[in-house]
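What follows is a short report on a single structure.
The values are calculated or read from the model by the stated rules, or taken from the named source; none is laboratory data. Just so it is clear, the model here is predicted, and its values are computed rather than measured. Counting neighbours? That spans all protein chains shown, and the Cβs are built from the backbone with ideal geometry, glycine included.
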Amino acid sequence: MANETPSQDTAKMPIDTGGVAPELPIEEAAGKGRTLWADAWRRLRRNKLALVAMGWIIFVALIAITADLWAPKLLGDPTFIDTTTVAQRSLKPPSTAHVFGTDKLGRDILCRIIYGARISLLVAVLAVAMMVILGLLIGAVAGYYGGWWDAVLMRLADIFYAFPYVLFAIVLLALMGPGVLNVCITIGILGWPSIARVFRASVLSVKENEYVDAARALGASTWRVMFRHVGPNAIAPMIVYATMGVGAAILTEAALSFLGMGVPLGQPSWGGMLNEVRSYMVVAPWMMAFPGLAILTTVLAFVLLGDGLRDAFDVRLKE
Amino acid sequence: MVPVLEVDDLHMHFFTRDGVVKAVDGVSFTLEARKTLGVVGESGSGKSVTALSVMRLIPEPPGKVVSGDIRFKGESILAMNERDQRKLRGNRIAMIFQDPMTSLNPVYRIGKQIAEPLRLHKGLSKKEAWVAAAELLDRVGIPEAEKRAKDYPHEFSGGMRQRAMIAMALACGPDVLIADEPTTALDVTIQAQILELMQEIQARTESAIIMITHDLGVVADMADHVLVMYAGKAVEFGTADEVFYNPLHPYTWGLLESLPRHDVDEKGQLCPISGQPPSLINLPEGCAFQPRCQYAREACQRRLPGLVEIERGHLSACLFSGDKQFLAESPRCAYGRAQE
């Protein structure tokens, strides 16, 4: 209540809208049959930073998806090594021929970054999907059933928290062997506890709502109540976590690849490229700068978008 | 004829860390088709827990039916497995909740929510259920029902939402409709409309209604029988006329006296029942109402009165309800005594 009053005042003041996109009149906004999602989207659109972040993510994703169509023609093969000319072509600084320079084997770094985006995004998205599926299931059961289930599952989450993250990941990968899918599984297995915790808290608060009792009073089964009535209402905060999780997964994949435990070195990945640069950091700083920049901007974009989504889904921030 | 619903000496206790909360501690009533039972009592007297027990919506643990039985058309609900109970819920026994603002799911369209019991119990297809839902909305008096069925709950007003809730409860044509304070969250004019709607629907269908309320006016309006509850126990049960015009239990006297009266011109003070309802963990010895009872005698502290039939079909749980002299003391005019 207390923070509603001032925000309503500002909404009525025409000065505040100056410079920003013209605001919808409050009545019109409320009258137009809005759902939570439409409402969130409307608020997200006003967040410039989040939009830029989303634009960047879409840009990177599009480049990664369509790479095969144009990249080989323009930039050559990201993995091909011409052994006869390596000496002349390796470790060249950025030029018009190679915008981001070349690496020690004479491969175009821009090309490798583009193909690296494929691996990095694919791994991140798959890992987050795995993390979210595990986290949602476990969080829902813990939150909805409570009691014994809750205690056991949450203690399990605590145990996962207590493990040194990177060490655990290395052990898991050492057991399963390297490979794109195994990296996804590892990140998923290590990441579910945070998702589960947040979803559990969300479920706990949602299940106290009277419409949950009402659904049970209609004769809906426990699973139906959990997935049709509690789930959709508790999911909004998870969108935020999943978005930020993609950023975190890119970082983890990069770290694992850097340590040589992630994506096999033959396949270009951002972390792997950073691994290769270790001994040339001083002679060829561009080899480090560009993959690093790719990781930085993409992870930042996911975090900023996550931030924007959190604000967009937060009803208490209603203007 | 077998009554549609029988609650037989129900004891629903909650086992908490602080002790056993005897939320419902010996409640019995029977409900026949087309009849309305009004359940009245203060907050915490066990009205809602009784209703939720009938629906089997009390989480166990911490709740547990210690003893007693609930029978639907002669068959024990407590003995049924979860699947059979589900087949009753929303189908044969439906419930309307107190706060229409929170009892509709915000993420689904109204029509879809009304269609849900039809899909669950009648096996209708999505389309059939949607058409039926629009018809139900129309029947509960929502204008342009077909169009409004596409609305989300937040686009409905409080009164309309309660109508939607009623439509949902009525979807499968239940034998018993439990309304847990259906009008408490609504303003007075809407209250009257909702009650009228419920009466209208009862006249058209065979439904029996359990009307839980602390509004004696609502009970007087609607109920055939009245159950007065105090501290988890039934203290008086009888026809509405008997309970209102010839109340036997001092608690009922207190409730009736605490009503504002518009037939008295003088501006007097209201006459509330003094004190607080007792903690359900440590009930006082003897009669639970005894510490607050103006008419309590020494015996009340020692003996726990049972619910006894005083007149035909009129039961009371007071040691002295059978005592003509005691009943003669019952207040005739609340304002007269307040001025003493």
_Checking the condition out of contact with any Cys (no Cβ under 9 Å at 6 or more places or on another chain) and closer than 19 Å to A:Ala129 by Cα, which residue from A:Ala196, A:Ala174, A:Ala162 passes?_
A:Ala196
*Hits in segment A:196-215 - residues which are farther than 13 Å from B:Gln113 by Cα, of a type in the set (Val, Ile, Thr) and within 12 Å of chain B (Cβ to nearest Cβ)*: A:Val206
*Criterion: within 14 Å of another protein chain (Cβ to nearest Cβ), aromatic (Phe, Trp, Tyr) and buried (at least 19 other Cβ atoms within 10 Å of the Cβ) - qualifying residue of A:Tyr144, A:Tyr115*: A:Tyr144
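Please verify whether A:Thr297 is among the polar types (S, T, N, Q), in a helix (DSSP H, G or I), surrounded by fewer than 18 Cβ atoms within 10 Å (Cβ to Cβ) and within 22 Å of the chain's Cα centre (by Cα), treating the condition exactly as stated. Write out each step before concluding.
Working: among the polar types (S, T, N, Q): yes; in a helix (DSSP H, G or I): yes; surrounded by fewer than 18 Cβ atoms within 10 Å (Cβ to Cβ): yes; within 22 Å of the chain's Cα centre (by Cα): yes.
It is true that A:Thr297 is among the polar types (S, T, N, Q), in a helix (DSSP H, G or I), surrounded by fewer than 18 Cβ atoms within 10 Å (Cβ to Cβ) and within 22 Å of the chain's Cα centre (by Cα).
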*Hey, can you tell me all the residues within segment B:117-135 that are touching a residue at least 24 places away in the same chain (Cβ under 8 Å), surrounded by fewer than 24 Cβ atoms within 10 Å (Cβ to Cβ) and either under 23 Å from A:Ala236 (Cα atoms) or within 13 Å of another protein chain (Cβ to nearest Cβ) (or both)?*
B:Leu120, B:His121, B:Lys122
_Please go through segment B:233-250 and give me each residue that is touching a helix residue (DSSP H, G or I) at 6+ places or on another chain (Cβ under 8 Å) and either at pLDDT below 80 or in a helix (DSSP H, G or I) (or both), ordered by number._
B:Ala240, B:Val243, B:Phe244
*Looking at (1) touching a residue at least 24 places away in the same chain (Cβ under 8 Å); (2) more than 9 Å from chain A (Cβ to nearest Cβ); (3) not in a strand (DSSP E or B), which is the one condition that is false for B:Ala79?*
(1)
*asked:* Can you go through A:Pro237, A:Pro264, A:Pro193 and tell me which one is closer than 16 Å to A:Ile119 by Cα and more than 10 Å from chain B (Cβ to nearest Cβ)?
replied: A:Pro264
*Taking segment A:260-298, which residues are without any contact (Cβ under 8 Å) to a residue 24 or more places away in the chain and within 18 Å of A:Cys111 (Cβ to Cβ)?*
A:Leu265, A:Leu274, A:Asn275, A:Met288, A:Ala289, A:Gly292, A:Leu293
*Tell me, which helices (runs of 4 or more DSSP H) wholly within segment B:140-230 include 3 or more residues that are more than 12 Å from chain A (Cβ to nearest Cβ), closer than 28 Å to B:Cys318 by Cα and not acidic (Asp, Glu)?*
B:216-222
*Any idea which of (1) buried (at least 17 other Cβ atoms within 10 Å of the Cβ); (2) more than 28 Å from A:Asp311 (Cβ to Cβ) is the one A:Gly191 doesn't satisfy?*
(2)
*Considering segment A:221-234 alone, what residues qualify as being crowded, with 23+ Cβ neighbours inside 10 Å and either more than 10 Å from chain B (Cβ to nearest Cβ) or not β-branched (Val, Ile, Thr) (or both)?*
A:His229, A:Ala234
_Test for A:Leu218: is it free of Cβ contacts under 8 Å to residues at least 40 places away in the same chain and more than 14 Å from chain B (Cβ to nearest Cβ)_ = no
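Working carefully through the options B:Ser103, B:Ser125, B:Ser67, find the one that is among the polar types (S, T, N, Q) and touching a strand residue (DSSP E or B) at 6+ places or on another chain (Cβ under 7 Å).
From the options B:Ser103, B:Ser125, B:Ser67, the qualifying one is B:Ser67.
Could you list all residues from segment A:196-240 that are among the basic types (Lys, Arg) and assigned to a loop (DSSP other than H, G, I, E, B)? Walk me through how you get there before you give the answer.
Of segment A:196-240, the ones among the basic types (Lys, Arg) are A:197, A:200, A:207, A:216, A:224, A:228.
The one that is among the basic types (Lys, Arg) and assigned to a loop (DSSP other than H, G, I, E, B): A:Lys207.
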*Given B:Ile110, B:Ile93, B:Ile114, B:Ile58, which one is surrounded by fewer than 23 Cβ atoms within 10 Å (Cβ to Cβ), within 18 Å of A:Arg216 (Cα to Cα) and either within 21 Å of the chain's Cα centre (by Cα) or of a type in the set (Val, Ile, Thr) (or both)?*
B:Ile58
*From B:Leu52, B:Leu37, grab the single residue that is surrounded by 19 or more Cβ atoms within 10 Å (Cβ to Cβ), within 10 Å of another protein chain (Cβ to nearest Cβ), within 21 Å of B:Gln162 (Cα to Cα) and of a type in the set (A, V, I, L, M, F, W, C).*
B:Leu52
_Return the residues of segment B:82-93 that are within 7 Å of chain A (Cβ to nearest Cβ) and assigned to a strand (DSSP E or B); say none if nothing qualifies._
B:Arg89
*Of B:Ile201, B:Ile190, B:Ile178, which residue is crowded, with 24+ Cβ neighbours inside 10 Å and either among the charged types (D, E, K, R) or in contact with a helix residue (DSSP H, G or I) (Cβ under 7 Å, 6 or more places away or on another chain) (or both)?*
B:Ile178
_Where B:Arg109 falls short, out of the listed (1) away from every other protein chain (no Cβ under 11 Å); (2) touching an Asp or Glu at 6+ places or on another chain (Cβ under 8 Å)_ = (1)
_Residues located in segment B:277-313, provided they are loosely packed, with under 12 Cβ neighbours inside 10 Å, without any contact (Cβ under 8 Å) to a residue 12 or more places away in the chain and more than 24 Å from B:Thr239 (Cβ to Cβ)_ = B:Glu298
